[in-house]
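> Sending over a structure as structure tokens; questions will come in a sec.
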Amino acid sequence: MSIQLLDNLMRIGELKAEPPSQNELSGLIRSGLRRLDDAERAELSLESRFDLAYNSTYALASAALRFHGYRSESRYLVFQCLQHTVNLPQEQWRVLDQAHRKRNLAEYEGEMDVDEQLVASLVRIAREVAIRVEGLVKS
């Protein structure tokens, strides 16, 4: 993990340094895991499952960033930092990048264009992030 990169992002104002709070970490992880469980419910619409998986990943990624003592107001940057906070492989980051773009289209232009494969990939990545974040907190 490259904490130095996170320090550099803080120096240029992209991240804010803030000591982690155990209550906040616990809340973010709990929220992420609940949403992830719901994202796997086949009876929900594909769009709802996408939204739940995306927001689950965001909560867990935020927890990883907070664990290291940083905060960001940019969802995109929170996802990008996963490479440095939990050593997430680049190919998984690319899926999060795609999901982020699709989420923005849905939020800002009302165009929801997701498929089962993307949602399944997002759920798998969220589970992997959850495992890595829980490993951070336990160490």
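> Go through segment 55-82 and report how many residues are assigned to a helix (DSSP H, G or I), among the polar types (S, T, N, Q) and in contact (Cβ under 8 Å) with a residue 60 or more places away in the chain.
2
> From the set of residues in segment 91-120 that are touching a residue at least 60 places away in the same chain (Cβ under 8 Å) and in a helix (DSSP H, G or I), which is surrounded by the fewest Cβ atoms within 10 Å (Cβ to Cβ)?
Across segment 91-120, the extreme among qualifying residues is Glu116.
> Still on this structure: Out of segment 10-54, which residues are in a loop (DSSP other than H, G, I, E, B), closer than 19 Å to Tyr70 by Cβ and in contact (Cβ under 8 Å) with a residue 60 or more places away in the chain?
Matches in segment 10-54: Glu14, Leu15.
> Do you know which residues across segment 56-85 are under 15 Å from Ile125 (Cβ atoms) and over 10 Å from the mean Cα position of the chain (by Cα)?
Those that are under 15 Å from Ile125 (Cβ atoms) and over 10 Å from the mean Cα position of the chain (by Cα): Gln83, Thr85.
None of the figures in this text is laboratory data; all of them are computed from the coordinates on show. Computed from a prediction, not measured in an experiment: that's the story for all the values here. Neighbour counts are summed over all protein chains in view; Cβ atoms, including those assigned to glycine, are modelled from backbone coordinates with ideal geometry.
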